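The values are calculated or read from the model by the stated rules, or taken from the named source; none is laboratory data. All values reported here derive from a predicted model rather than from experimental measurement. Quick reminder, even Gly has a Cβ in these numbers, built from the backbone with ideal geometry, and neighbours come from all protein chains shown.
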Amino acid sequence: MNRLPLLFLGIFLTFASAWAGLVAYPYLKLGQLLPITNEETGELVPPPLSGIADAGQDVYAANGCLYCHSQQVRPAYLSTDIAKGLGPRRTVARDYIRSRPAFLGTMRTGPDLTNVGLRYSAEWQHRHLYEPGEVSKGSIMPAFRYLYIMQKIEGAPNADALKDLTGPHAPKPGYEVVPTEDAKALVAYLLSLKRNYPLPESPEEALE
Amino acid sequence: MSEDPNIPESEEFREDELSSEMNVAKVHGSIMREQADPRDGYEPISLWLITFSFALVFWAGMYLVGNSGGFSSEVFNANLVAWDGSGAAVDKGPPDPMIVGKRVYTQYCLVCHQSTGLGVAGQFPPLVDSEWVLAREWHGDNHVVKVVLNGLQGPITVKGNLYNNAMAPWGGVLKDEQVASVLTYIRNEWGNAAPPITAEFVALIREQNADRKEAWTQKELQAIPRAVIDASAPPAADEAPAADPAAPSQPPAATAAPGA
Amino acid sequence: MTTLAESLNPSSSEQTLEKIERSAIDASARLPVLLFFGTAIFWLLIGSLLALVASFKMSIPGFLDNEAWLTFGRVRPAHMNTVIYGWASAAGIGVGLWLMARLCRVAMMHTSLLIVAAIFWNLGVLVGTLGILAGDSRSIEWLEFPGYSTPILFIAYAFIGIWGIIMFRFRRPGHVYVSQWYLLAAFLWFPWLYGTVNILLIWQPILGSAQGAVNWWYAHNVLGLWFTPIGLASAYYMIPKVIGRPIHSYYLSILGFWSLALFYSWNGMHHLIGGPFPAWMISASVVASIMMFIPVITVAINHHMTMKGHFGGLKWSPTLRFTVFGAMSYTVVSFQGSLMAIPTLNQITHFTHYTIGHSHLGLYAFFTMMMFGAMYYITPRLVGWEWPSANLIRWHFWLAAIGILVMVGALTLGGIIQGLALYDPAVNFMNSMHFASPFLWVRSISGLLLTAAHVIFAVHFVMMLLQMGSKRGEPTLFARPVLEEETLSV
């Protein structure tokens with residue numbers, strides 16, 4: 001192939017075709033989606049995140065939660081995600097417009113988190129982040145103790161202090177474990193992960 | 001220097017020839033023994049490869065047209081679009097309760113009542129051919145819905161066998177459609193055959209039992225008159241038992257106290 | 001045109017002139033290519049260490065879990081980015097530059113541009129890696145370097161890109177060989193990829209799941225349109241060069257190149273099957289992934305038929321051994337990839353260790369081994385010295401080959417078991433992890449083998465730079481070379 005203009009043109013066009021389909025198209029069609037109003041409740045869906053939950057996204061990104069946890073519910077005709085209770089319906093593009101970035105994930109070393117806000121309380125999340133192996137026996141999740149501070153109890157115990165901690169890193173008598181702002185933000189974000197509101201493009205029972 | 005291209009040149013052979021050039025450019029052993037730069041041969045492409053490629057392109061076209069949801073940005077499930085390629089998602093009708101019900105059963109009920117519906121002897125009662133499920137004898141549609149919504153406790157008799165366990169309430173976890181689907185499923189699986197339970201009936205029972213916090217006992221349920229869903233009439237409340245004349249079981253006793 | 005050599009001795013043959021020309025090219029390439037090679041090997045060691053930490057953490061969650069900068073969620077992307085940008089890209093740039101220079105038959109000019117580029121590139125990788133460990137990653141897979149480090153890489157690349165165009169402009173006229181098409185394409189595609197994804201995901205992020213589409217368009221194309229072409233360019237050069245035979249079919253080269261260009265770039269969404277995207281995008285990627293059978297089979301036939309009758313070369317040539325290992329791995333990993341994209345199979349393999357096995361089969365068994373082969377060929381020509389020890393090369397090869405095969409095997413089997421457990425709604429999630437855990441131990445141990453191989457290679461490379469060992473007249477080979485008939489010697 002010695003006709004170089006043809007070579008350059010081909011290199012350009014083949015690449016441009018996929019760029020058009022996989023970059024420009026999503027940018028135009030999916031990247032400009034807006035929330036819609038839920039007919040039943042009158043609320044905006046997906047609901048906006050509170051300030052602290054939004055800050056929690058940065059903590060989630062910084063600590064690489066995505067490398068073990070996915071956040072997508074696949075449809076029933078392609079998976080058993082709905083049968084396993086990961087969510088009442090598959091997730092669609094609009095579910096992620098509040099995410100910075102969309103933490104879709106590609107590994108399930110740990111469970112999917114799309115609807116984790118429906119399953120666990122803030123206390124559970126804090127205890128689990130502090131020492132996963134104590135809450136979830138046999139878990140290989142790393143501990144995020146560095147998001148917490150072990151401090152001496154001065155006067156009355158701190159209102160945010162974690163309760164019922166067990167295991168080798170439980171606080172000694174007279175000490176308490178208090179979440180940092182990052183920990184609180186992260187847990188607020190995890191509690192906000194609820195994608196069980198209805199969306200017209202994702203009918204609840206996608207059946208085979 | 002050698003004109004024979006088949007003999008790789010060795011270093012000592014070249015040294016005297018190139019001693020002058022070696023002062024100009026350091027020509028070391030690795031370059032001396034190098035082969036010529038790569039060039040192209042011109043064998044034709046095999047016919048098999050061409051045929052295979054065309055076959056693959058054909059398959060690709062068919063797959064793409066059939067699985068692309070009409071190329072719409074709002075269709076996320078490829079199987080929701082008819083072959084005629086109509087753009088928007090085509091509704092395939094209301095979901096089949098047997099499929100939804102089976103899913104609910106697998107997720108919540110199977111762990112005790114087993115995938116065979118036979119339960120565990122002495123522990124969890126069977127659903128297969130059970131009078132509780134099929135609304136036979138004193139049991140009605142209302143009783144089985146109450147059991148699912150609020151749970152069951154204390155000694156019970158199923159198919160002549162005694163069980164004394166506790167069934168968790170599912171009213172807080174399952175929606176009306178799910179309760180209706182799973183009951184329809186268990187009534188029509190494993191050789192069972194009984195009319196379906198509707199979501200409206202479940203909603204009615206749920207409303208009537210809104211204040212009920214505890215699980216039912218067999219004694220309490222027996223005191224409530226039997227009621228079945230009548231297709232021609234609106235669902236009956238507990239207070240006014242409406243016997244379905246076509247039902248195979250006996251008509252209920254005289255009106256009892258308003259619904260327990 | 002009268003060359004210097006000709007003017008000194010008019011009876012110099014064509015072949016001699018070619019040799020001197022090559023020597024001049026190699027001399028001009030010495031500093032920039034060795035700089036890319038040396039720094040690449042450095043990052044290979046760092047990346048291997050980070051990989052070991054991450055891998056052992058998956059088996060021993062309490063391992064090094066006190067510090068924020070060592071948490072798995074930071075070490076794992078640090079490993080990935082150092083090996084992708086620090087090792088693989090730098091090695092690929094070094095090999096690509098040398099191949100371009102040799103094939104264009106023009107000595108490198110303005111090499112200071114390249115040296116600046118190498119320095120910036122490594123600076124970018126260093127700042128980026130430290131940024132990830134410090135917690136500034138945005139968790140965008142394959143693009144975790146924080147926004148303050150990516151422009152550094154882009155500047156470095158701009159120098160390389162500009163330089164590459166200049167060199168190609170001044171090439172010797174004549175037939176443009178297949179390796180040159182691949183290299184040109186790779187060097188043009190990469191900045192487009194890198195620029196787009198930086199703008200749309202880091203600097204002016206778009207909303208919603210569109211990010212996933214752009215993310216995986218980028219990540220897959222770094223593999224398919226940056227690394228794969230460089231790897232194939234090297235294979236297309238090294239195989240015929242070492243055995244002295246022409247490439248089997250120019251027509252197969254054309255078919256292979258264009259079908260790769262057309263189909264590979266559409267594959268990205270196969271990382272997101274079942275994900276929140278319009279059905280047609282997923283289907284397009286599934287189709288493109290299956291269509292990849294065409295370029296892969298084409299290239300496999302081309303290489304195989306070229307090698308046919310000359311597989312004896314694997315006994316004595318280190319370059320050929322690494323290169324053919326890489327080329328065969330390319331075929332296997334691509335077939336595996338095409339099959340993984342089938343939605344029925346994807347249901348089982350998605351989200352599991354199987355995917356990790358696949359990515360290591362591609363980036364290591366194919367690309368890294370290919371780069372090792374090229375580096376074993378190129379380095380003596382730059383340094384003017386032969387590799388001091390055939391034994392060290394032997395150890396390197398076997399540790400790497402066995403290590404990667406064990407790693408891929410463990411992750412593949414473990415991934416399938418994990419996937420089957422994940423698929424069954426009746427199986428507890430925890431069990432999917434426990435079934436896979438022995439395989440993760442095996443993976444960690446295979447990682448030790450690979451790290452050992454890299455240490456050996458690094459030591460050997462330093463020995464080369466220092467010109468240790470005795471001066472040899474012959475290349476360092478595993479055994480005495482036996483060239484079959486009809487070789488093209490010069």
Working carefully through the options C:Trp316, C:Trp266, C:Trp258, find the one that is more than 30 Å from B:Phe76 (Cα to Cα) and within 14 Å of chain A (Cβ to nearest Cβ). C:Trp258
Take the residues in region C:425-456 that are polar (S, T, N, Q) and assigned to a helix (DSSP H, G or I); name whichever of them is farthest from A:Arg74 (Cα to Cα). C:Thr451
Just give me the residues in region C:176-186 being touching a residue at least 60 places away in the same chain (Cβ under 8 Å), at the interface with another protein chain (Cβ under 10 Å from one of its Cβ atoms) and among the hydrophobic types (A, V, I, L, M, F, W, C), in sequence order. C:Val178, C:Trp181, C:Ala185, C:Ala186
Counting only helices (runs of 4 or more DSSP H) entirely within region C:322-390, those with at least 2 residues that are within 25 Å of C:His304 (Cβ to Cβ) are C:353-360, C:369-383
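Can you tell me which of A:Ser136, A:Ser50 is of a type in the set (S, T, N, Q), at pLDDT below 90 and either in contact with a strand residue (DSSP E or B) (Cβ under 6 Å, 6 or more places away or on another chain) or surrounded by fewer than 21 Cβ atoms within 10 Å (Cβ to Cβ) (or both)? Let's see the steps before the verdict.
On the way: A:Ser50 fails: at pLDDT below 90.
Among A:Ser136, A:Ser50, only A:Ser136 is of a type in the set (S, T, N, Q), at pLDDT below 90 and either in contact with a strand residue (DSSP E or B) (Cβ under 6 Å, 6 or more places away or on another chain) or surrounded by fewer than 21 Cβ atoms within 10 Å (Cβ to Cβ) (or both).
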So which residues in region C:396-425 are of a type in the set (Phe, Trp, Tyr), under 19 Å from C:Met375 (Cα atoms) and either within 14 Å of another protein chain (Cβ to nearest Cβ) or crowded, with 17+ Cβ neighbours inside 10 Å (or both)? C:Phe397
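Residues C:Ser317, C:Ser329: which one is crowded, with 21+ Cβ neighbours inside 10 Å and at pLDDT below 95?
On inspection, the qualifying residue turns out to be C:Ser317.
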Take the residues in region C:15-39 that are without any contact (Cβ under 8 Å) to a residue 60 or more places away in the chain and among the aliphatic types (A, V, I, L, M), then tell me which one is nearest to the other protein chains (Cβ to nearest Cβ). C:Ile20
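Give the residue, chosen from C:Met281, C:Met305, C:Met371, C:Met292, that is away from chain B (no Cβ under 13 Å) and either within 30 Å of B:Thr51 (Cα to Cα) or surrounded by 24 or more Cβ atoms within 10 Å (Cβ to Cβ) (or both).
C:Met371
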With respect to B:Met32, is the statement that it is more than 30 Å from C:Ile301 (Cβ to Cβ), at the interface with chain C (Cβ under 8 Å from one of its Cβ atoms) and at pLDDT 55 or above true? yes
Spot the failing condition for B:Gly171; the list is (1) free of Cβ contacts under 8 Å to residues at least 12 places away in the same chain; (2) under 12 Å from B:Val145 (Cα atoms), and only one is missed. (1)
Take region B:169-211 and flag every residue that is surrounded by fewer than 13 Cβ atoms within 10 Å (Cβ to Cβ) and within 16 Å of B:Leu127 (Cα to Cα). B:Gly191, B:Ala193
Please go through region C:176-199 and pick out each residue that is part of a helix (DSSP H, G or I), among the aliphatic types (A, V, I, L, M) and more than 21 Å from A:Lys29 (Cα to Cα). C:Val178, C:Leu183, C:Leu184, C:Ala185, C:Ala186, C:Leu188
Enumeration of residues in region C:143-170 that are crowded, with 19+ Cβ neighbours inside 10 Å, within 14 Å of chain A (Cβ to nearest Cβ) and under 22 Å from A:Ala16 (Cβ atoms): C:Leu143, C:Gly164
Which of the residues belonging to region C:200-251 are surrounded by fewer than 24 Cβ atoms within 10 Å (Cβ to Cβ), facing another protein chain (nearest Cβ under 9 Å) and part of a loop (DSSP other than H, G, I, E, B)? C:Pro205, C:Ile206, C:Leu207, C:Gly244, C:Pro246, C:His248
When you look at A:Leu33, is it within 25 Å of C:Ile202 (Cβ to Cβ), in contact (Cβ under 8 Å) with a residue 12 or more places away in the chain and surrounded by 19 or more Cβ atoms within 10 Å (Cβ to Cβ), yes or no? yes
Exactly one of B:Val57, B:Val75 is over 26 Å from B:Lys159 (Cα atoms), among the aliphatic types (A, V, I, L, M), modelled with pLDDT of 85 or more and not assigned by TED's automatic domain parsing to the domain that holds B:Val179, and that residue is B:Val57
Checked against (1) in contact with a strand residue (DSSP E or B) (Cβ under 7 Å, 6 or more places away or on another chain); (2) crowded, with 16+ Cβ neighbours inside 10 Å, A:Pro26 satisfies every condition except (1)
Return the pairs, sorted by first residue and then second, in which the second residue is assigned to a loop (DSSP other than H, G, I, E, B) and small (Gly, Ala, Ser), the first residue lies in region A:164-180 and is touching a residue at least 12 places away in the same chain (Cβ under 8 Å) and over 14 Å from A:Glu134 (Cα atoms), the beta carbons are less than 7 Å apart, and the residues are 6+ apart or on different chains. A:Glu176/A:Ala161; A:Val177/A:Ala161; A:Val178/A:Ala161
How many residues does region A:66-102 hold that are over 24 Å from C:Gly73 (Cβ atoms) and either assigned to a helix (DSSP H, G or I) or among the small types (Gly, Ala, Ser) (or both)? 6
Assess whether C:Pro173 counts as being within 12 Å of chain A (Cβ to nearest Cβ), surrounded by fewer than 19 Cβ atoms within 10 Å (Cβ to Cβ) and part of a helix (DSSP H, G or I). no
What number of residues in region A:109-136 are among the basic types (Lys, Arg) and facing chain C (nearest Cβ under 8 Å)? 0
Within region C:56-68, can you find the residues that are in contact (Cβ under 8 Å) with a residue 24 or more places away in the chain and either facing chain A (nearest Cβ under 9 Å) or under 17 Å from C:Ala400 (Cα atoms) (or both)? C:Met58, C:Ser59, C:Ala68
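From the list C:Gly373, C:Gly469, pick out the single residue that is at pLDDT 95 or above, out of contact with any His (no Cβ under 8 Å at 6 or more places or on another chain) and among the small types (Gly, Ala, Ser). Spell out the reasoning first.
Values: C:Gly469 fails: at pLDDT 95 or above.
Matching residue, one of C:Gly373, C:Gly469: C:Gly373.
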If you check B:Pro8, B:Pro38, B:Pro94, which single one turns out to be at pLDDT 85 or above and part of a loop (DSSP other than H, G, I, E, B)? B:Pro38
